[in-house]
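*Asks:* This is the structure I have questions about; it appears just below.
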Amino acid sequence: MSVQKLSVFVVGPQKTGKTTIANYLADLADSLNGNEYHPTQGVRILEFDRRLNNTKGKDLQISVEVWDCSGDPVYLPVWPAVSSSAAAVILVCTPEKKSEKDLEDWLSIFSFLNPVTQIIGVQSGISAKSVKPKFGKVLSKIPVYFPNLLDDNDTSRADFDALLYSAYNAFNENRDREEQLVLNH
Ligand SMILES: Nc1nc2c(ncn2[C@@H]2O[C@H](COP(=O)(O)OP(=O)(O)OP(=O)(O)O)[C@@H](O)[C@H]2O)c(=O)[nH]1
Ligand SMILES: [Mg+2]
C-alpha cells in the first residue's frame with residue numbers, strides 16, 4: 001500500500017514561533033533549547049513520517065512535509081505560487097501579533113483548503129500576556145489552540161495528528177468526488 005503524502009504549511013507573522021513549532025512537530029532534537037532567534041530565510045521543508053491511530057480501522061502511515069515559511073513580508077508574493085500543494089495550514093500568531101487583517105491575509109492564501117484542515121496556533125508562551133485573542137467573523141470559524149511546548153501536558157502533537165487526519169480525509173473525499181465527476185461526465 002502506498003503511503004499518503006501530505007504537505008502542511010506553517011505560516012504567520014515574523015517571530016511568532018513557527019520554526020519552533022515546526023521543529024517540535026518534526027521531533028528535532030534540541031529544538032527547544034536556547035532562545036536564540038534565527039529568522040527563516042524563505043522556507044525550510046521538514047520531511048518526516050507520522051503514524052496515526054485510527055480508532056475505526058487500520059493505523060495510517062503518513063509521509064509529512066512541513067513547510068516552515070518565513071513571516072517576512074518580503075516573501076508574501078511567493079506563497080500563492082507554491083501554496084497549491086498544501087493539504088493543511090497552521091497559522092501561528094501571538095497575543096500581540098494577531099492583527100486580524102494580517103491573519104486573514106495569510107489564510108486567504110489557503111482559501112482553497114477545506115476549513116477542517118486549518119488551525120490557528122496562538123503562542124502565548126513567548127509573550128508577556130497569556131491572553132486568548134478574540135477573533136472576528138472569518139477567523140472565529142477556525143479552531144484555535146494554545147501550544148505550550150515546554151509543558152509535559154502539551155497537546156500540540158495530538159492536535160497536529162488530528163489536523164493530519166482531517167487533511168487525509170479531506171484529500172480522499174476530494175479525490176472520490178473528482179473520480180465521480182469523471183465517471184458521470
Ligand atoms: N519561551 C518561549 N519561547 C519561544 C516559544 N516559541 C518560540 N520561542 C522563541 O521565539 C523566538 C522566535 O521563534 P521562531 O520560531 O524562530 O519564530 P518564527 O515565527 O519562525 O520567525 P520567522 O522565521 O522570522 O518568521 C525564538 O527566540 C524562540 O526561541 C515558546 O513557546 N516559548
Ligand atoms: Mg522561522
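*Asks:* Can you tell me which condition LEU91 does not meet? The list is (1) without any contact (Cβ under 8 Å) to a residue 24 or more places away in the chain; (2) assigned to a strand (DSSP E or B), and all the others hold.
*Replies:* (1)
*Asks:* Identify all residues within the range 36-68 that are assigned to a loop (DSSP other than H, G, I, E, B), among the β-branched types (Val, Ile, Thr) and surrounded by fewer than 13 Cβ atoms within 10 Å (Cβ to Cβ); write none if there are none.
*Replies:* The one that is assigned to a loop (DSSP other than H, G, I, E, B), among the β-branched types (Val, Ile, Thr) and surrounded by fewer than 13 Cβ atoms within 10 Å (Cβ to Cβ): THR55.
*Asks:* Continuing with the same structure: Of the residues that make up the range 167-179, is at least one in contact with a strand residue (DSSP E or B) (Cβ under 7 Å, 6 or more places away or on another chain), in a helix (DSSP H, G or I), in contact (Cβ under 8 Å) with a residue 24 or more places away in the chain and among the small types (Gly, Ala, Ser)?
*Replies:* Residues of the range 167-179 that are in contact with a strand residue (DSSP E or B) (Cβ under 7 Å, 6 or more places away or on another chain), as a first pass: 167-168, 171.
From the residues that got through so far, the ones that are in a helix (DSSP H, G or I) too are 167-168, 171.
In the following step, the residues that additionally are in contact (Cβ under 8 Å) with a residue 24 or more places away in the chain were identified as 167-168, 171.
This time we only want the ones that are among the small types (Gly, Ala, Ser), so: 167.
There is at least one residue in the range 167-179 that is in contact with a strand residue (DSSP E or B) (Cβ under 7 Å, 6 or more places away or on another chain), in a helix (DSSP H, G or I), in contact (Cβ under 8 Å) with a residue 24 or more places away in the chain and among the small types (Gly, Ala, Ser).
*Asks:* Restricting to the range 94-126, name every residue that is in a helix (DSSP H, G or I), closer than 29 Å to TYR168 by Cβ and out of contact with any strand residue (DSSP E or B) (no Cβ under 7 Å at 6 or more places or on another chain).
*Replies:* Within the range 94-126, GLU104, ASP105, SER108, PRO115, VAL116 qualify.
*Asks:* Between residues in the range 5-17 that are touching a residue at least 60 places away in the same chain (Cβ under 8 Å) and residues that are away from ligand 1 (no atom under 15 Å from the Cβ) and of a type in the set (Asp, Glu), which pairs lie under 8 Å by C-beta distance while being six or more apart or on different chains?
*Replies:* LYS5/GLU65; LEU6/GLU65; SER7/GLU65; VAL8/GLU65
Throughout, read-outs are computed from the coordinates displayed, never taken from laboratory work. Small disclaimer: the values here were computed from a predicted structure and weren't measured. Heads up, the Cβs are rebuilt from the backbone with ideal geometry, glycines too, and the neighbour counts pull from every protein chain shown.
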